[in-house]
Amino acid sequence: MIKLSKQPLLTTTFWIIAFASLTAPIAARLFSGPAIVEAVGGAETNAAPGKEASDLGPGREVKSSIAGGASDRYRIAVQSGTFVALRIKKQDLNLTVTVHTSSSKIWSEFISRRYGALPPSFIAEESGDYVIDVQSLEENAEPREYSLEVTDVRMASAVDRRLDDAVRSFALGETLAARWEKEGLREALARYLKAAADWRESGRYAEAALAFERGGDVSFTLSDYPAASRAYDEARMAAIRCGDTARTAAALNGIGYVLIYEGENRKALPYFERALKLAAKHQKTLPVEGKRLTAQALNNIGEVYYSLSDPGKTLEKFNSALALWKETGDRQGQALTELNLGFLHSDLGNMKDSLSHFANAIQLFRDVRCRWGEAQVIAAIGQVNSLRGRKQQALDSYNRAVEMSRAVGDRRGEAAALNSLGDVYEALNDPASALQNYDLALKRYREIGDRDYEALSLFYLGRAHRRKDDTVIAADYFKQSLEISRRVGDRRIEIYTLKELAAMYFDLHKGREALRTYGKLLTRYKVIRDKRGQAYSLLEIGKVKEDLKNTDEAVGYFRIALSLSESAEDIAGQTSILYSIAHAEQGRQSFDKARAAIEKSLRLIESTRREVLSKDRRADYFASVYKHYSLYVDLLMQMNQQRPSRELIAAAVEASEKARGRALLDVLMEAQQIEDEHYVDEALNQGGESRTIGGSEREKTGATDGEPYTAPMEDRATAMEPPGRGSLSTAQSQPLTLDAIQGELKDDTLLLQFFLGKDRSYVWAVTRTTATGHELPSRERIEEEARKYYSLLTAREPIPGETASQSRHRVEEADGLLSRQAALLSQMLLGPVTAELDRRRLLIAPDGVLYFVPFDTLPKPEDARDSGAHQRLAPLLFNHEIVVEPSMSILAAIRRERGTKASAPKTVAILADPVFDPNDRRVFSHVEAADNSSDSSEQAKASHQTRGPAQSANQALPRLRSSGLEAKYIAEMAGQGEFLVASGFDANLKVATGNNLALYRIVHFATHGTINTENPALSGIVLSLIDEKGDEQKGFLGLYDIYNLHLNADLAVLSACRTALGKEVKGEGLIGLTRGFMYAGSRSVLASLWQVDDEATAELMKQFYNELLRNRESPAAALKLAKEAIMKHHNWNSPYYWSGFVLQGEYDCTIGANGKASMPGGQYGPIAVAGAIVLCAIMFFITRLKRTKRLI
């Protein structure tokens, strides 16, 4: 039972199971009667394992030592119809007893995974030698002792035969229960209850008590507490009738345990105290069993004290119980106490002791093959990992615990693990997953009537909603949680809820109420010696004090809190407290102290981040601690203003670099360890040269193979992590230092790295030899102006339901304001770096909303400063190549990865002009060529069409006719043997996800795109939705599908709408299609910022590829020249038409075509080259001839 992941300390099922076998005295009374036996009688015999069967008979007790996995064999001669009762005395030994008939048929099987005696019996169906095999189920080879005795041999009576059914039913129940499978446990329950009813009807109350007890155990495991309570009460009454104090004590413990799980802790205590008194009496006659009963009662009482927040008495009871378990050699009981001590020490902040107890517990549970107990320990270790910042290991542990609990039908264990999962997801800034797990846990607790833990789930739900600022919903959950926790007397959950209410007071600026509530919490945490709780209370008191301008007092509280958190080894707590110390010290101008605190915090964050293996979870976690980097950057730049130095600028740039694109950087670094060449080899083995797929020219053979993998929806929520990547320590993917960043820059290149902060933002201008930092306005101010500028730029995007007149008026108004807004934004963002701009290539590393700004549309800052309100200024495009970089570390990783791979052998693969509508005439005619050579009237239809989603849910996506021409132009420039064009029906998902794309240096998609900024996994590219027969087919290339692509591309061109956008994740940038294609193996991506015009885009792409392939310009230079060409077109001189596409990633490579089109001499190129070679050869021989003559 751990803080914020409350679990019952005592695993009830196993306390009860451990003592269900305390009925060793029952075995001697199970059967009685005269002996009828054909066996040798006499003295005691020792069996030798591995030898021939030893003979059994009345009056003979056989003693043996049996190693794990070994077996002993015995023989007894009986007549048909003989009843035989056996007794196996043992302590903590798991074994099976199998009875074989004289004809070698298995007649009966008995299993015991419990401490104590086993009383098997059978009725012989034929005369002869019956063989009894005893096999150890222990995994440890260490021998354990037992003895076997024949207690009764006689002719079976009618009563014996009736009771034999009960024996068999009970034995089958034991076998089924030992498998720990949900359905098996349900069947075992039915068998136990049948046996109990049969025995009770025959007056065999001792046996009935044992069977009812087993039924209670199983019902408890299945979280059916009312049924468990009924079964234990039946066991209690049966035990009282036969005067069995051991069975009575065990039944009382069971009834009390149900009350604990139902939240009735105080009502449970009298049952445990009565059981303890009975155990003391039992010790006088049977000391071992009595001590075990005492240990069970002590543990149960300890759990009550734990729930009542009395750690001193809890520890005392648990330690006493553990000593008794060890003395009696009961591993299962010892395992349970070790588990509970682990929980207690975890709450007390003694993490080393906690882990030690958990380690002991899990080994003991595994020794006795107890999967249920193992699941509890795995969940407990998950909690420790979570507290230590090892979130990925915690998730793994909790998921395993959920699976194991479900397998055995333990709804309560499942619910506890679900709550713990929610807690980790909340810490990783994934509220949707957290709420999903909390809701399911609440459902499970309500199903089983567990009020105590229902209160806990309500608390969790309230906390999660408060963090989403849903204060009304949160307050309702907290109210419900308080009512239930107070009713059941659970102070710990009451404390949790009060803590969140205090935080709500603080959020609502009710400082005095917050201080009063936190003071009460601190007192309660001191009483129960909860170090983490004390640290938390002190931290929050400090925050309130700082808010009330009592900064000195606040820092004092923070430092005491830090000491307690360090003592409790609470990494997450230390991280939060160090941030608060840094914030307060910065506020009182103690910059050096602030820096020391925040740097220590960042070291803990980086250490925690390394422990999170999943890239999407790592990104979520990083977003949750982004404010630490923001404070650090701001602090360093403030220090730099006081005493400027390169060291401070370098530290600020490096901190900024660490706070961007980290998940992508990890994957790119991992990719260097993976050999992707097999995809290229596989594609090459399919053969084929240049081909056009689609229409009359399409070739069916060798197009591609492989269906796209669609991840389950629960794995696609954030779509951050690419499957199939290797594993790489994040220590190997550390961001670049300033010196390393400068090493990536050429003399003609300037990096402008932006960082937006709450109060102040910054831009760093970095060249190969210099680095300067400059202050900018706040994030809020920059966001306001940037969004306004984006809105003006995209005024030409169509609005559903708007008339032509309304659209024209809106566009004219936007155009009138555009120049002024561009000038304002240029001054705001670039004014401080005017002197550094010159005519350099600009690498823009944006932050937040700046990803939406096409910087090449902004005027030069000096021009903007001197311009009039409506003066149209020359854009930066005329003097600068402009490239967007998620981070310089990512660019460096791309370049390193490029150096490990051979270039793809072919130039460009194009998917264009898909079929979206079953009414498309291509469905009926299959004549693609006629459509692609559309006349001017058809072009006119497409002239104002955009490559965005449909305007309404009922509207089919319009055909993009210009995209077909776009594909044709690109193929012509690529040259023979260098391209693949998949158009029409064959611009489909199968081609897009096949291995063939790995053959091409450029992959080009000319189609519709869709971006979901809330759930990036729902973003994607739309390919053919209709096949040749007019039937619907899957045609959406989603972000997860893109992650599964295996590319070896220098460039991916996403000639569709808004493909450069995505969800903004702090510490990552925009998560969308661009990121997906970089994950998939493209070293650069050309994508759009808005709904681009179909025809203008086709022309832009024509110009771009002309410069890229024919003139062999770099991607950045080719894009600049293409945009300049489009600007000259009268209809497209608005930035809306030419500035929508931005380049990200590698910008300085030459991709040019390998075929004829890339050669300067056109079709005569090969002849010219051949002639040059011949001429060189002639000149060589002439020179050699002259030299030879001189020698002569």
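Scan the range 378-399 and give yes if some residue there is among the aliphatic types (A, V, I, L, M) and under 24 Å from residue 262 (Cβ atoms), otherwise no.
Narrowing the range 378-399 to residues among the aliphatic types (A, V, I, L, M): 378-381, 384, 387, 394-395.
Still in the running and under 24 Å from residue 262 (Cβ atoms): 379-380.
So far as the range 378-399 goes, yes, one or more of its residues are among the aliphatic types (A, V, I, L, M) and under 24 Å from residue 262 (Cβ atoms).
Just the residues that are among the hydroxyl-bearing types (Ser, Thr, Tyr) and out of contact with any Phe, Trp or Tyr (no Cβ under 8 Å at 6 or more places or on another chain), please, taken from the range 495-511.
Pass one, the range 495-511, residues among the hydroxyl-bearing types (Ser, Thr, Tyr): 496-497, 505.
Once the filter is applied, which keeps residues that are among the hydroxyl-bearing types (Ser, Thr, Tyr) and out of contact with any Phe, Trp or Tyr (no Cβ under 8 Å at 6 or more places or on another chain), the range 495-511 yields only 505.
On the basis of being part of a loop (DSSP other than H, G, I, E, B) and under 30 Å from residue 834 (Cβ atoms), does residue 765 make the cut?
In short, no.
So in the range 940-989, with the set limited to residues that are polar (S, T, N, Q) and not in a loop (DSSP other than H, G, I, E, B), which one is modelled with the highest pLDDT? Don't jump to the end; show me each part of the working.
Of the range 940-989, the ones polar (S, T, N, Q) are 943, 945-946, 951-952, 954-955, 962-963, 976, 983, 988.
With not in a loop (DSSP other than H, G, I, E, B) added as a condition, the list becomes 946, 962-963, 983.
Numbers: 946: 63, 962: 83, 963: 85, 983: 92.
So the residue we want is 983.
Where in the range 563-664 are the helices (runs of 4 or more DSSP H), entirely inside, with at least 1 residues that are of a type in the set (Lys, Arg) and either in contact with a strand residue (DSSP E or B) (Cβ under 7 Å, 6 or more places away or on another chain) or at pLDDT 90 or above (or both)? Give the derivation first.
Numbers: elements: 571-587, 591-611, 615-624, 626-642, 646-658.
Fully inside the range 563-664 and qualifying: 591-611, 626-642, 646-658.
Criterion first (over 17 Å from residue 353 (Cβ atoms) and surrounded by fewer than 18 Cβ atoms within 10 Å (Cβ to Cβ)) does residue 294 satisfy it? Spell out how you get there, then give the answer.
Numbers: over 17 Å from residue 353 (Cβ atoms): yes; surrounded by fewer than 18 Cβ atoms within 10 Å (Cβ to Cβ): no.
In short, no.
Search the range 735-754 for residues being in contact with a strand residue (DSSP E or B) (Cβ under 7 Å, 6 or more places away or on another chain) and farther than 15 Å from residue 830 by Cβ, and hand back the single one that is surrounded by the fewest Cβ atoms within 10 Å (Cβ to Cβ).
Keep residues of the range 735-754 that are in contact with a strand residue (DSSP E or B) (Cβ under 7 Å, 6 or more places away or on another chain), which gives 738, 741-742, 745, 748-754.
Still in the list and also farther than 15 Å from residue 830 by Cβ: 738, 741-742, 745, 748-749.
Working: 738: 20, 741: 27, 742: 19, 745: 19, 748: 12, 749: 19.
Per the stated criteria, the residue is 748.
Taking the range 216-271 as the region of interest, how many residues are within 27 Å of residue 415 (Cα to Cα), assigned to a loop (DSSP other than H, G, I, E, B) and among the small types (Gly, Ala, Ser)?
2
I need a count of the residues in the range 763-792 that are of a type in the set (A, V, I, L, M, F, W, C) and either farther than 23 Å from residue 889 by Cβ or touching a His at 6+ places or on another chain (Cβ under 8 Å) (or both). It would help to see each step written out before you state the result.
Taking the range 763-792 first, the residues of a type in the set (A, V, I, L, M, F, W, C) are 763-766, 771, 776, 782, 786, 792.
Checking the rest, the ones that are also either farther than 23 Å from residue 889 by Cβ or touching a His at 6+ places or on another chain (Cβ under 8 Å) (or both) come to 763-765, 782, 786, 792.
Counting residues in the range 763-792 that are of a type in the set (A, V, I, L, M, F, W, C) and either farther than 23 Å from residue 889 by Cβ or touching a His at 6+ places or on another chain (Cβ under 8 Å) (or both) gives 6.
Can you tell me which residues in the range 369-384 are part of a helix (DSSP H, G or I) and out of contact with any Asp or Glu (no Cβ under 8 Å at 6 or more places or on another chain)? Spell out the reasoning first.
From the range 369-384, those part of a helix (DSSP H, G or I) are 371-384; that's our starting set.
Across the range 369-384, the qualifying residues are 371, 373, 374, 376, 377, 378, 379, 380, 381, 383, 384.
I need the full set of residues from the range 512-565 which are small (Gly, Ala, Ser) and within 17 Å of residue 499 (Cβ to Cβ), in order please.
Of all residues in the range 512-565, those small (Gly, Ala, Ser) come to 514, 519, 533, 535, 537, 542, 554, 556, 561, 563, 565.
Those that are small (Gly, Ala, Ser) and within 17 Å of residue 499 (Cβ to Cβ): 514, 519, 533, 535, 537, 542, 561, 565.
Conditions tested, residue by residue: (1) farther than 24 Å from residue 176 by Cα; (2) among the acidic types (Asp, Glu).
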| residue | (1), (2) |
| --- | --- |
| 96 | no, no |
| 122 | no, no |
| 127 | yes, no |
| 130 | yes, no |
| 134 | no, no |
| 139 | no, yes |
| 144 | yes, no |
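Looking at the range 179-226, which of its residues are under 20 Å from residue 242 (Cβ atoms) and without any contact (Cβ under 8 Å) to a residue 12 or more places away in the chain?
Scanning the range 179-226 gives 197, 201, 203.
Can you name every residue in the range 385-408 that is modelled with pLDDT under 85 and aliphatic (A, V, I, L, M)?
387, 408
Of 503, 475, which residue is surrounded by 15 or more Cβ atoms within 10 Å (Cβ to Cβ) and over 30 Å from residue 594 (Cα atoms)?
Exactly one residue qualifies, and that residue is 475.
Which of (1) surrounded by fewer than 20 Cβ atoms within 10 Å (Cβ to Cβ); (2) touching a Leu at 6+ places or on another chain (Cβ under 7 Å) does residue 177 not meet, given it meets every other one?
The number of the failed condition is (1).
Among the residues in the range 1096-1117, are any in a strand (DSSP E or B), in contact with a Lys or Arg (Cβ under 9 Å, 6 or more places away or on another chain) and among the aliphatic types (A, V, I, L, M)?
Going through the range 1096-1117, the residues in a strand (DSSP E or B) turn out to be none.
No, every residue in the range 1096-1117 fails to be in a strand (DSSP E or B), in contact with a Lys or Arg (Cβ under 9 Å, 6 or more places away or on another chain) and among the aliphatic types (A, V, I, L, M).
Anything in the range 779-813 that is in a helix (DSSP H, G or I), among the aliphatic types (A, V, I, L, M) and within 20 Å of residue 1141 (Cβ to Cβ)? List them, or say none. Before the answer, list the steps.
Applying the first criterion (in a helix (DSSP H, G or I)) to the range 779-813 yields 779-793, 804-813.
Going one step further and asking which of them are among the aliphatic types (A, V, I, L, M), we end up with 782, 786, 792-793, 804, 811.
Of everything in the range 779-813, those that are in a helix (DSSP H, G or I), among the aliphatic types (A, V, I, L, M) and within 20 Å of residue 1141 (Cβ to Cβ) turn out to be 786, 792, 793.
Give me the strands (runs of 3 or more DSSP E) completely within the range 1025-1090, filtered to those with at least 1 residues that are of a type in the set (Phe, Trp, Tyr), ordered by residue number.
Working: elements: 1036-1038, 1051-1055, 1062-1065, 1069-1072, 1084-1088.
Once the strands (runs of 3 or more DSSP E) in the range 1025-1090 are filtered for at least 1 residues that are of a type in the set (Phe, Trp, Tyr), what remains is 1036-1038.
Determine whether residue 266 is of a type outside the set (Gly, Ala, Ser) and either crowded, with 23+ Cβ neighbours inside 10 Å or modelled with pLDDT under 90 (or both). Full working, then the answer.
Details: of a type outside the set (Gly, Ala, Ser): yes; either crowded, with 23+ Cβ neighbours inside 10 Å or modelled with pLDDT under 90 (or both): yes.
So residue 266 passes the test.
How about the range 234-293: which of its residues are β-branched (Val, Ile, Thr) and under 23 Å from residue 203 (Cβ atoms)? Before you say what the answer is, go through the steps one by one.
Initial filter on the range 234-293 (β-branched (Val, Ile, Thr)): 240, 245, 248, 255, 258, 260, 285, 288.
240, 245, 248, listed by residue number.
Go through the residues of the range 918-926 one by one and say whether even a single one is modelled with pLDDT under 85 and in a helix (DSSP H, G or I).
yes
Which count do you get for residues in the range 832-863 that are of a type in the set (Asp, Glu) and under 22 Å from residue 1122 (Cβ atoms)?
Looking only at the range 832-863, we keep the residues that are of a type in the set (Asp, Glu), and these are 836, 838, 847, 856, 862-863.
Now drop any that are not under 22 Å from residue 1122 (Cβ atoms), which leaves 856.
Final tally of qualifying residues: 1.
If a residue has to be farther than 21 Å from residue 840 by Cβ and either modelled with pLDDT of 85 or more or part of a loop (DSSP other than H, G, I, E, B) (or both) to count, how many in the range 1146-1157 make the cut?
Quick first cut of the range 1146-1157, residues farther than 21 Å from residue 840 by Cβ only: 1151-1157.
Imposing the further condition that a residue be either modelled with pLDDT of 85 or more or part of a loop (DSSP other than H, G, I, E, B) (or both) reduces the set to 1151-1155.
Counting residues in the range 1146-1157 that are farther than 21 Å from residue 840 by Cβ and either modelled with pLDDT of 85 or more or part of a loop (DSSP other than H, G, I, E, B) (or both) gives 5.
Looking at (1) in contact with a helix residue (DSSP H, G or I) (Cβ under 8 Å, 6 or more places away or on another chain); (2) at pLDDT 90 or above; (3) within 30 Å of residue 897 (Cβ to Cβ); (4) part of a helix (DSSP H, G or I), find the lone condition where residue 1143 falls short.
Every condition holds for residue 1143 apart from (4).
Under the condition of being within 15 Å of residue 1092 (Cβ to Cβ) and assigned to a loop (DSSP other than H, G, I, E, B), which residue from the range 1128-1140 is farthest from the chain's Cα centre (by Cα)?
First, the residues of the range 1128-1140 that are within 15 Å of residue 1092 (Cβ to Cβ): 1129, 1131-1132, 1134-1140.
Pick out the ones that are also assigned to a loop (DSSP other than H, G, I, E, B) and you get 1129, 1134, 1139-1140.
Values: 1129: 50, 1134: 45, 1139: 38, 1140: 35 Å.
Once the filter is applied, the top-ranked residue is 1129.
Name the one entry in 1044, 1048 that is under 24 Å from the mean Cα position of the chain (by Cα) and of a type outside the set (Lys, Arg). Before you say what the answer is, go through the steps one by one.
Details: 1048 fails: under 24 Å from the mean Cα position of the chain (by Cα).
Going through 1044, 1048 in turn, just one is under 24 Å from the mean Cα position of the chain (by Cα) and of a type outside the set (Lys, Arg): 1044.
The values are calculated or read from the model by the stated rules, or taken from the named source; none is laboratory data. Fair warning: this is a prediction, and the values are worked out from it, not measured in the lab. When we count neighbours, we look across all protein chains shown, and the Cβ atoms used for this are built from the backbone with ideal geometry, even at glycine.
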